[in-house]
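The values are calculated or read from the model by the stated rules, or taken from the named source; none is laboratory data. Since this is a predicted model, take the numbers as computed values, not measurements. Here the Cβ positions follow ideal geometry from the backbone for every residue, glycine too, while neighbour counts run over all protein chains shown.
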Amino acid sequence: MLQAAETVYVVDRDTSVRLLVRALVHSIHTACREFPSACDFIQHYQPSLPGCLVLDMEMHDMGGLALQHELALRGAIIPIIFVAERCDVAHVAKAMRSGAFNFLQKPMPKAELLDNIERALQLDRRRRLALAQSNTIRQKLLSLTSREREVLDQVSRGESNKVIAANLRVSERSVEFHRARGMEKMGASSVAQLVRMLMNLENDSTDRGVGPRRS
C-alpha cells in the first residue's frame, strides 16, 4: 500500500498568504493544498494524511480554535501553525494549551515561516512513527492470552518467576511457559525491551501534545 504524500495545508481567507505558503513549500519540494475556508478544508482532510497545517486564527466561517477542536475530536495529530494579524493573548494561550505547534503574527517573515513549517513536518513524522509503533505493540498485546498478559505484567514490574507463581497460585513451570510464549508474541528478547515497549505506549499520548521544538 502506497503511503500518502506529505502535504502542507494552508487555510487562510487571504489569497496573498496562501500564495506565500505555496511558494515557500514548493521551494522545499513538498506538496501544498490551499483552502479559503475552514469548512472547505474539513470536508477534504483525513486525519491519516501526513503533513502540517498553517491556519488563520481569524477565519470567518469557523474560527481557528473551533477548527483545532474539531480536528482533535476526529483524532487528527497534524501540527498546527496558527497565524493572525492581531495577537489576542487569550486565544494564543488557549491554542498553545490545546497542542498548537506555534503562533506567528502577520506579516510573517519568510524565513521564520519556512523554519516553522519544516520543524512542524519533522514533528509530524515523529508522531506518526511513534503512533505506528504503538499500534503494533497494541496488536501484540491483544494476541496474548489472559494468563500470558498477567505473567508479563508482573515480569515488567521486576517480579521473579517464583513470586509470580505464588501471586497467581500456579507452578513455576507454568509461569516459565507463559512467560516464554508471551515474550515471543511480543517480540521482546529481554525484560528491558518489554518494559521499553510498554513505556512507549504510556508516552505516546503525551508526545502528541508536544509544541515546537528543535531537532
Look through the range 105-130, keep the residues that are hydrophobic (A, V, I, L, M, F, W, C) and surrounded by 15 or more Cβ atoms within 10 Å (Cβ to Cβ), and return whichever of them is farthest from ARG22 (Cα to Cα).
-> ALA130
ILE81: passes all of (1) β-branched (Val, Ile, Thr); (2) touching an Asp or Glu at 6+ places or on another chain (Cβ under 7 Å); (3) within 24 Å of LEU131 (Cα to Cα) but (2)
Examine the range 32-46 for a residue that is free of Cβ contacts under 8 Å to residues at least 40 places away in the same chain, assigned by TED's automatic domain parsing to the domain that holds LEU113, under 24 Å from ALA111 (Cβ atoms) and within 21 Å of the chain's Cα centre (by Cα), and state whether such a residue exists.
-> yes
Taking only the range 71-99 into account, find how many residues are at pLDDT below 95 and either of a type outside the set (A, V, I, L, M, F, W, C) or touching a Lys or Arg at 6+ places or on another chain (Cβ under 9 Å) (or both).
-> 12
Go through the range 6-47 and count every residue that is of a type in the set (Lys, Arg), assigned to a helix (DSSP H, G or I) and surrounded by fewer than 18 Cβ atoms within 10 Å (Cβ to Cβ).
-> 1
Take the residues of the range 48-68 that are charged (D, E, K, R) and assigned to a loop (DSSP other than H, G, I, E, B): which is surrounded by the fewest Cβ atoms within 10 Å (Cβ to Cβ)?
-> ASP61
Among HIS44, HIS60, which is out of contact with any Pro (no Cβ under 8 Å at 6 or more places or on another chain) and more than 23 Å from ALA4 (Cβ to Cβ)?
-> HIS60
Going through the range 84-111 one residue at a time, which ones are touching an Asp or Glu at 6+ places or on another chain (Cβ under 7 Å) and among the basic types (Lys, Arg)?
-> LYS106
Hey, LEU71 assigned to a helix (DSSP H, G or I), farther than 15 Å from ARG18 by Cβ and either in contact (Cβ under 8 Å) with a residue 12 or more places away in the chain or of a type outside the set (S, T, N, Q) (or both) or not | yes
